[in-house]
1. Name the pairs: first residue in region 49-75 and closer than 20 Å to Ala34 by Cβ, second residue hydrophobic (A, V, I, L, M, F, W, C) and assigned to a loop (DSSP other than H, G, I, E, B), Cβ to Cβ under 8 Å, at least 6 apart or on different chains?
2. So which of Lys40, Lys46 ends up being in a loop (DSSP other than H, G, I, E, B) and over 20 Å from the mean Cα position of the chain (by Cα)?
3. Under 8 Å between Cβ atoms, at least 6 apart or on separate chains: pull out the pairs that start in region 93-108 with a residue that is touching a residue at least 12 places away in the same chain (Cβ under 8 Å) and surrounded by 12 or more Cβ atoms within 10 Å (Cβ to Cβ) and end on any residue that is part of a helix (DSSP H, G or I) and of a type in the set (D, E, K, R).
4. Does Arg26 count as surrounded by 10 or more Cβ atoms within 10 Å (Cβ to Cβ), without any contact (Cβ under 8 Å) to a residue 24 or more places away in the chain and among the basic types (Lys, Arg)?
5. Only one of (1) touching a helix residue (DSSP H, G or I) at 6+ places or on another chain (Cβ under 9 Å); (2) modelled with pLDDT under 95 fails for Val83. Which number is that?
6. So which residues in region 58-92 are among the basic types (Lys, Arg), surrounded by 10 or more Cβ atoms within 10 Å (Cβ to Cβ) and part of a loop (DSSP other than H, G, I, E, B)?
Amino acid sequence: MNNDINRLCQELQEQRDIESAAKEKRTKLEETVAALIATKPEGTEKLETCFFKITVTSKLTRELDYPAYKQIEEGLPVGLRCVTLKPSLDLKALRALELADPSLPAFFITTKPAKATVKIEPIGEA
């Protein structure tokens with residue numbers, strides 16, 4: 001069994017290396033194509049060639065400084081208030097609730113298995 005796991009882990013590591021190299025190459029190609037087409041920092045631009053229909057969607061990331069926003073929020077008209085808060089799950093509190101009453105979370109939580117992760121690290125030389 002140990003030999004099987006070692007063989008599988010070796011193959012898994014090789015495939016991850018191939019995937020990583022392919023992803024890096026693809027990302028560089030996408031950046032090059034986007035640089036040739038995109039002229040604005042945000043939005044969608046299209047180009048059609050003889051062989052391809054190309055769509056480049058440029059995006060900006062935004063990070064909220066909530067304490068700074070709260071300082072000016074009162075002075076904004078309701079229609080211009082641009083921050084909403086959404087509920088999120090506090091996993092530590094949920095686990096405490098499950099210990100206190102295991103049936104209660106079933107009323108408001110749907111639980112399903114997620115994809116398992118596998119971490120492998122070579123020991124010494126392979």
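1. Within 8 Å, the pairs are Val56/Ala38; Ser58/Ala38.
2. Lys40
3. Sorted first by the residue in region 93-108, then by its partner, the list stays empty.
4. It is true that Arg26 is surrounded by 10 or more Cβ atoms within 10 Å (Cβ to Cβ), without any contact (Cβ under 8 Å) to a residue 24 or more places away in the chain and among the basic types (Lys, Arg).
5. Going through (1) touching a helix residue (DSSP H, G or I) at 6+ places or on another chain (Cβ under 9 Å); (2) modelled with pLDDT under 95 one by one, Val83 breaks only (2).
6. Matches in region 58-92: Arg81 only.
The values are calculated or read from the model by the stated rules, or taken from the named source; none is laboratory data. Remember, it's a predicted structure, so these values are computed and weren't measured experimentally. Positions of Cβ are backbone-derived with ideal geometry, glycine not excepted, and every protein chain shown enters the neighbour counts.
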